[in-house]
1. Quick one: of the DSSP bridges fully inside the range 111-268, what percent are antiparallel, nearest 5?
2. Sorted from largest to smallest, which semi-axis lengths in Å does the alpha carbon gyration tensor of the range 193-335 give for its equivalent ellipsoid, taking the root of 5 times each eigenvalue?
3. Mind computing the radius of gyration and Dmax over the alpha-carbon atoms of the chain? Å is fine for both.
4. Of the accessible area of the range 192-258, with the probe set at 1.4 angstrom, what percent is carbon plus sulfur?
5. Whole number please: convex hull volume per residue, Cα atoms of the range 185-252, in Å³.
6. Ranking request for peptides 133-145, 311-323, 6-18: highest mean number of other beta-carbon atoms within 10 Å first, then the rest in descending order.
7. How far, in nm, would the chain grow between Asp64 and Leu319 when pulled straight, counting 0.36 nm per residue and subtracting the alpha carbon separation?
8. Which of the peptides 28-38, 169-179 is most tightly packed, and how do the rest follow, judged by the mean count of other Cβ atoms within 10 Å per residue?
Amino acid sequence: MYRKDGVDYFIVDGHIHFWDASEENTANKYGEGFIRCFYDYQRNLSPQEWVWPLEKFRKYSEQDLMHDLFETGYVDWGIFQPTYLNEFYRSGFNTTERNGQLARKFPDRLIANGSFDPREGEAGLERLRKLHAEWNLRGVKLYTAEWRGSSKGWKLSDPETQDYLALCQELGIRNIHVHKGPTIWPLNRDAFDVADIDHAASAFPGLNFVVEHSGLPRLDDFCWIATQEPNVYAGLSVVMPFIHSRPRYFGQIIGELLYWLDEDRIVFGSDYAIWSPKWLIEKFVDFQIPEDLQSEYGVLTTDAKRKILGLNHARLYDLKVPGSAQLPAAAAVAA
């Protein structure tokens, strides 16, 4: 929980990782390039005092994660979003199995999401069933640019993907997080194109599609899709650190999201361990859209910040919110 000026903010970090990019687990030059590209994101978009040594960034400890999220980072709940990258890392980069061990150890703090790859065919459907049985999945994270043999990606509009989304709906896995937008070397930027969200969101109105990174740099494409699909959400991971390095650009992004969606469909994520939630949350609560842009975008209200930092994710994942952190109307109903 974060408290500022007498206001309590319930914090749900909806985009965290527990990866292993140690030299021992790195299989080839692509795995090496991937983690170094990740590291460049941290080095270039963080305040200097929040930049880690590369060796720590490659593989941090359980103690690091728990300290940074829950002891100093104000986080009430963290949601693991897996990224397998089996072609780059010997035992996978950031898997449900590795994340799940921590989530099982701290069931009142951490949620482990699963994943699927429709290129696995029938075997993949069975794997998703087993993941759900093992970890009681409430969401999946999809990485459409992941390599698999000669394939350099897949789409949510592919015929094979429809069987997987139907299975998610059948199993009650309601939250479909999708990396859309920024690429990481050596993955293909076009394989992260946001356009296929439109097809999936229309075909499965009972599922929630959280577009991580809000489709950047294709923000316009994302906004035009999201405004007509009420089950599409904007995830702020990767967007958030621009609040430090490019605050006006950040204000424009938030303004566009508020204009095309609304404050009920924008959700916070730090992308830990690329960025730590503490400084992101502190800066966001203090942030306001620049005055010369407010005639177009309006202002970022305290209620909107409370929704974005935690209340929206709490609704998607059925998390209990303390009375002091609820909005006045919700608190009155709960009482």
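The values are calculated or read from the model by the stated rules, or taken from the named source; none is laboratory data. The model shown is predicted, which means the values in this text are computed figures rather than measured ones. Here the Cβ is made from the backbone with ideal geometry for all residues, glycine too, and neighbour counts use every protein chain on show. When the accessible area is computed, the model is the full protein with side chains, heavy atoms only, and any ligands, DNA or RNA have been set aside. Shrake-Rupley method; radii C 1.70, N 1.55, O 1.52, S 1.80 Å.
1. If we restrict to bridges inside the range 111-268, about 5 percent are antiparallel.
2. 22, 21, 15
3. Rg, Dmax (Cα atoms, Å): 18.8, 57.
4. Roughly 52 percent of what the probe reaches on the range 192-258 is carbon or sulfur.
5. 92
6. Highest mean packing first, the order is 6-18, 133-145, 311-323.
7. This chain segment gains 89.4 nm when fully extended.
8. Per-residue Cβ counts within 10 Å, averaged per peptide and sorted highest first, yield 169-179, 28-38.
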